[in-house]
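Student: Dropping a structure here in structure tokens format, bear with me for questions.
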Amino acid sequence: MRSGAKAAIVGGVFLVATGGVAYGGYTLLSGESNDTGPGLNTRSAPKKTGPPSASEVDKTTKAFLAAWSKGDARTAADLTNNATQAQPALEAYREVARVSEVSLTPDAPVGAKVPFTVKAKVTYAEARSKPWSYASQLTVVRGLTTGAPLVDWAPAVIHPKLKADDTLTMGEASAPPIKAVDRNGAELTKEKYPSLGPILDALGEKYGTKAGGKPGIELAVESADINQPVRSLLTLTKGKPGKLLTTLDAGTQAAAEKAVQRYKNSSVVAVKPSTGEIRAVANHRDDEFNAAMLGKQAPGSTMKIVTAAMLLEKGLVGADRPIECPANVMYQGRTFHNLDNFDIKNGTFTQSFARSCNTAFIKQIDDTKDDAALSKEAQEVFGIGLDWQTGVTSADGSVPMASGGEAAAQYIGQGTVQMNVLNMASVTATAKTGTFRQPVIVPRSLDGREIAQAPRSLPGGVSEQLRTMMRVTASSGTGAQAMASVGGDKGAKTGSAEVDGQGTSNSWFTGFSDDVAAAAVVESGGHGGDAAGPLVAQVLRAG
């Protein structure tokens, strides 16, 4: 917990207490809390309609910024459409966040939107102060009740990184800074490895004290979501960083960062199958969401690794045994088909796996005689849903029990199956060794946390058959083109996941090369081998 002052929301009203200032809550009045513009008497003037004029935008903006810069929170708030929220937020900007000498300069408006520049000074304990500058923007709207021009209030007006219910804090950081290093001692920074930004923040929050550092003084944003790391806005006094060893590999991380730049909304993770150590995590997104570790999506046919393991364990299939692969199949009222309606005549299970034949898998459902068979396999062998303690917050994946057509969809990685690329890299790592080893990004010895243990390993014969099928997929199946440049003992599985309302399926790919396993997803990327495949191959080559 930080020292300093905090404005809390109690029953929708801001109360200033120790700790920081919160922006959010709700208005106590219906409609606008104030509906008058600068210089307008709404009782005598007729109500205006339509977008605010250029003159109204200019006058309202200048009046609002002038009042804010003078510290007149009441007047500034009355120029917004939600004074109930705006006034305490503007007051706390000075009194709690300790921002003074505020200079606000509007730039050229774009319609009703007006960008502006903030220049100010932030002071802590009187002896420590620092200049602070940033850009923000506001929008002038017409009040719903009277039609007066008003600033459309939102926390982001004060600072673009503020969201509803965020807390602006000033004081000693909640944790000391860290100098994170990879497994070989190379320093890992946000500047060099942008994808690691939220991960390094989370590691600092959790392990800064354990790493032996000393906290600094900073102005920061705390989220209402305790799983989100604190976001620093301005450092007044730097703390002393503690050294934190991670399992990451700088070379593999660099390759992962470069790989995801090929496609927006893509993620990739690499792990070491023999230990579970995470070697790389990278995302390419417009937001800062760590989708690689926190995402929840249908993984498409990469899930067939788990389904195949379950069918092999039950003796329903064998790598070299024949299996039907028709162009389509109906199961309990739902029709499933293969890509371009291909079929395989007189083929083996390995061929159906390597070409990703959906119907070959779905035709086995009734023979399992257990609606929970896939869910059990995912948890008991592959560790899905066992409360992973990686060192930062991550999502474990989910394969709920299902029946009927929903179960059929799960067998091919659709329906209610939810995974991220960390989960699928781990699935591939388990397939490679036959034993689940929970992924970690910092050593367990750092804090003695409990690491998830799967109840059992794959039988030796099943594990070898699964690896063989993945090797064939990488050499002559749907993953061959993507994996052509990858050396060593290699295997793969492709996947395309259909998403409601999305014109193009998500591209999934997972593979291994010697003691490295990796998985990637590209949203709306199409076939697994086309988009996600090259990302995985690039990371495997570096590993």
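The values are calculated or read from the model by the stated rules, or taken from the named source; none is laboratory data. This is a predicted model, so every value here is computed, not measured. Glycine gets a Cβ as well: all are built from the backbone with ideal geometry, and neighbour counts include every protein chain shown.
Student: Does LYS243 satisfy being within 17 Å of PHE382 (Cβ to Cβ), among the charged types (D, E, K, R) and either free of Cβ contacts under 8 Å to residues at least 24 places away in the same chain or surrounded by fewer than 24 Cβ atoms within 10 Å (Cβ to Cβ) (or both)? Before you say what the answer is, go through the steps one by one.
Tutor: Numbers: within 17 Å of PHE382 (Cβ to Cβ): no; among the charged types (D, E, K, R): yes; either free of Cβ contacts under 8 Å to residues at least 24 places away in the same chain or surrounded by fewer than 24 Cβ atoms within 10 Å (Cβ to Cβ) (or both): yes.
In short, no.
Student: I'd like the full set of residues that are touching a residue at least 40 places away in the same chain (Cβ under 8 Å) and within 16 Å of VAL114 (Cα to Cα), limited to the range 58-80.
Tutor: ASP58, LYS59, THR60, THR61, LYS62, PHE64, LEU65, LEU79, THR80
Student: Then there is this: Report, by residue number, each residue of the range 209-239 that is farther than 14 Å from PRO160 by Cα, among the basic types (Lys, Arg) and surrounded by 15 or more Cβ atoms within 10 Å (Cβ to Cβ).
Tutor: Hits for the range 209-239 are LYS210, LYS214.
Student: To continue, here is another question. Go over the candidates VAL114, VAL102 one by one and state the one that is in contact with a strand residue (DSSP E or B) (Cβ under 9 Å, 6 or more places away or on another chain), under 21 Å from THR235 (Cα atoms) and not hydroxyl-bearing (Ser, Thr, Tyr).
Tutor: The unique qualifying residue is VAL102.
Student: Additional query: Name the single residue, out of those in the range 218-261 being modelled with pLDDT under 95 and among the charged types (D, E, K, R), that is nearest to VAL539 (Cα to Cα).
Tutor: Here the answer is LYS243.
Student: Here is a further query. Being over 22 Å from the mean Cα position of the chain (by Cα) and small (Gly, Ala, Ser) is the filter; apply it to the range 512-532 and report the residue that is surrounded by the fewest Cβ atoms within 10 Å (Cβ to Cβ).
Tutor: SER513
Student: For the range 102-193, list the strands (runs of 3 or more DSSP E) that sit wholly inside it and hold at least 2 residues that are at pLDDT 95 or above and small (Gly, Ala, Ser); which are they?
Tutor: 128-142
Student: Residue pairs, Cβ under 9 Å, 6 or more apart or interchain, first in the range 473-493 and assigned by TED's automatic domain parsing to the domain that holds PHE353, second of a type in the set (Phe, Trp, Tyr) and in a loop (DSSP other than H, G, I, E, B). List them.
Tutor: Once the first residue is assigned by TED's automatic domain parsing to the domain that holds PHE353 and sits in the range 473-493, no partner that is of a type in the set (Phe, Trp, Tyr) and in a loop (DSSP other than H, G, I, E, B) comes close enough.
Student: Check whether at least one residue in the range 141-156 is touching a strand residue (DSSP E or B) at 6+ places or on another chain (Cβ under 9 Å), hydroxyl-bearing (Ser, Thr, Tyr) and either surrounded by fewer than 23 Cβ atoms within 10 Å (Cβ to Cβ) or without any contact (Cβ under 8 Å) to a residue 60 or more places away in the chain (or both), and report yes or no.
Tutor: Within the range 141-156, not a single residue is touching a strand residue (DSSP E or B) at 6+ places or on another chain (Cβ under 9 Å), hydroxyl-bearing (Ser, Thr, Tyr) and either surrounded by fewer than 23 Cβ atoms within 10 Å (Cβ to Cβ) or without any contact (Cβ under 8 Å) to a residue 60 or more places away in the chain (or both).
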